[in-house]
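Trainee: Below is the structure I would like to discuss, written out as structure tokens.
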Amino acid sequence: MKPFTDILQNTEYSHDELVSLLNAEGNDRQLLFQKAQSVKLSTIGNKVYFRGLVEFSNICTKDCLYCGIRKSNEKVIRYEATDEEILEACQFAWKNRFGSVVLQSGEISSPAFVKRVDLLLRKIKEISNGELGITLSCGEQTIETYRQWRENGAHRYLLRIESSNPEVYRKIHPKNDFHSFDRRLQALKDLKATGYQLGTGVMIGLPFQAIEDLADDLLFFKQIDVDMVGMGPYIEHEDTPLYKFRKTIKTKQERFDLALKMVATLRLLMPDINIAAATALQAIDPAGREKALTIGANILMPNLTPCDYRKEYQLYEDKPCLDEDAELCRNCLEARIELSGCEIGYGEWGDSKHFLK
Ligand code: SAH
Ligand code: SF4
């Protein structure tokens, strides 16, 4: 195996070299972060793009074993934001020159839901003079639905593979066709085929997941040629089946640190893609997202979900900013981003250079 400093000079990385980067400690870890920062600055610059996040419904037909809003969690009060509430949040994003929004929800595939999203897409384009970019994150759908939403104005889609190791995937989902790895993979292929800028990602520090799996996750992103990655630490939720494994996993701090190393290593592996500073980082460290921005990430998703709904969209414990309204959130972010030495790309869609290529 090459010395660590030689690996850092690579432009291609083997599985074992990625494992070395993810295992970096002490001085090596600092060198990795410095290198990722310099690759980011020389490839895509220091701009951070905002995507206003609207979690418009927590109704979900799936039962992922890690997720707080899974169908079987009866403690959650289910909501669906009204069109007016959603459009108001999008209007806020547009007026504040956020460039684009992400509409996220539980997974529903009913014709009524598909149609509702169609209408919302058209209305968002209408109220923003066609200027707001729209990312969807509404789970697995048929290729026809993806095509229809694409035609109505969505141009990016975020669907995490959660873990690219089918064995790990199987252990964190119920065992049925509705939660199958192959179905998720097919959905990613369908999204690509229908012309979306494709975003995926994984949870870091899951039960049953090894460092080697995370190295494979990074190679998976490269292999499917993604334009955007959003990945963050797995955070246990008391009302989920996976909670019982909490004693078997890394500490929150270790998961956080590993997530930062994943971001930095991915920046070396795919220098020109968009990488989000995941909200889950902030659930462990208040300055978690800004730390990710300084070592490789370039996308931030300020939460624009109406405050009354936020406490019912707790995918994991300690989800931050439960009671901060959008205005407060924006002010707080601006200050933090300046501190991290980045500049906000106001009014720009911020498409990845990778996609534009
Ligand atoms: N229903 C859609 C989008 C909402 S869930 C979907 O599943 O694709 C969005 C993301 O939240 C998931 O992809 C998952 O990676 C993340 N998530 C869910 N539970 C989590 C947990 N306990 N810790 C960290 N991230 C979690
Ligand atoms: Fe539903 Fe997404 Fe949570 Fe799975 S991760 S239960 S699909 S909201």
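Please treat every number below as a calculation from the coordinates, not as lab data. Being a predicted model, the structure only gives us computed values, none of them experimental. Neighbour counts are summed over all protein chains in view; Cβ atoms, including those assigned to glycine, are modelled from backbone coordinates with ideal geometry.
Trainee: In region 45-356, what % of DSSP beta bridges are antiparallel (nearest 5)?
Mentor: Taking every DSSP beta bridge within region 45-356, about 5 percent pair in antiparallel fashion.
Trainee: Arranged by the count of other C-beta atoms within 10 angstrom, fewest first, what order do Leu185, Leu191 take?
Mentor: Leu185, Leu191
Trainee: Related question: Where Rh is the Kirkwood radius over the Cα pairs of the chain, the temperature 20 °C and the viscosity 1.002 mPa s, what D in µm²/s does Stokes-Einstein return?
Mentor: On the way: Rh = 20.4 Å.
Calculated translational D: 105 µm²/s.
Trainee: Using a Gaussian network model of the chain whose springs link C-alpha atoms within less than 10 Å, name the residue from Asp318, Asp177, Asp227 with the highest mean-square fluctuation.
Mentor: Asp177
Trainee: If we count every other residue with Cβ under 12 angstrom of Ala215's Cβ, Lys/Arg +1 and Asp/Glu -1, where does the sum land?
Mentor: -4
Trainee: Shifting gears a bit: Would you mind telling me which residue in Glu126, Glu107, Glu55 has the biggest mean-square fluctuation in a Gaussian network model of the chain, where springs connect alpha carbons within a distance under 10 angstrom?
Mentor: Glu126
Trainee: Please compare each pair in Lys192/Lys357; Lys35/Lys291; Lys222/Lys353; Lys171/Lys244; Lys252/Lys319; Lys75/Lys252 to a cut-off of 18 Å on the Cα-Cα distance and tell me which ones are over it.
Mentor: Working: Lys192/Lys357 15 Å; Lys35/Lys291 15 Å; Lys222/Lys353 15 Å; Lys171/Lys244 13 Å; Lys252/Lys319 13 Å; Lys75/Lys252 25 Å.
Violating the 18 Å limit, Cα to Cα: Lys75/Lys252.
Trainee: Related question: Using the basic label-point model (7 angstrom from Cα toward the beta carbon), what is the Glu212 to Arg122 distance in nanometres?
Mentor: So the two model labels end up 5.3 nm from each other.
Trainee: Separate question: According to a simple spin-label model (label point 7 Å from Cα along Cα-to-Cβ), what is the distance in nm between Lys189 and Gln34?
Mentor: In this crude spin-label approximation the distance works out to 4.5 nm.
Trainee: Follow-up. How much net charge surrounds Tyr243 when only the other residues with a Cβ under 12 Å from the Cβ of Tyr243 are counted, with Lys and Arg +1 and Asp and Glu -1? Intermediate values should be presented prior to the final figure.
Mentor: On the way: positive: Arg70, Lys244, Arg246, Lys247; negative: Glu236, Glu238, Asp239, Glu317.
Overall, the nearby charge balance is 0.
Trainee: Still on this structure, please answer the following. Quick one: if the Förster radius is 22 Å, what FRET efficiency do Tyr243 and Glu74 give, using the C-beta to C-beta distance and rounding to 0.05?
Mentor: Details: r = 15 Å, r/R0 = 0.70.
Between Tyr243 and Glu74 the formula returns 0.90.
Trainee: Related question: Could you tally the net charge around Lys192, taking each other residue with its Cβ under 11 Å from the Cβ of Lys192, Lys/Arg +1 and Asp/Glu -1?
Mentor: So the environment of Lys192 carries a net charge of -2.
Trainee: For region 1-25 and region 214-288, what is the centre-to-centre distance using only Cα atoms, to the nearest Å?
Mentor: That distance is 19 Å.
Trainee: Have a look at Lys125, Lys291, Lys244 and tell me which one the Gaussian network model of the chain (Cα, springs below 10 Å) gives the largest fluctuation.
Mentor: Residue with maximal mean-square fluctuation among Lys125, Lys291, Lys244: Lys244.
Trainee: So the label point goes 7 Å from the Cα of Glu334 along Cα→C-beta, right? Which residues of region 267-295 then have their backbone N under 19 Å from it?
Mentor: Answer for this model: 290.
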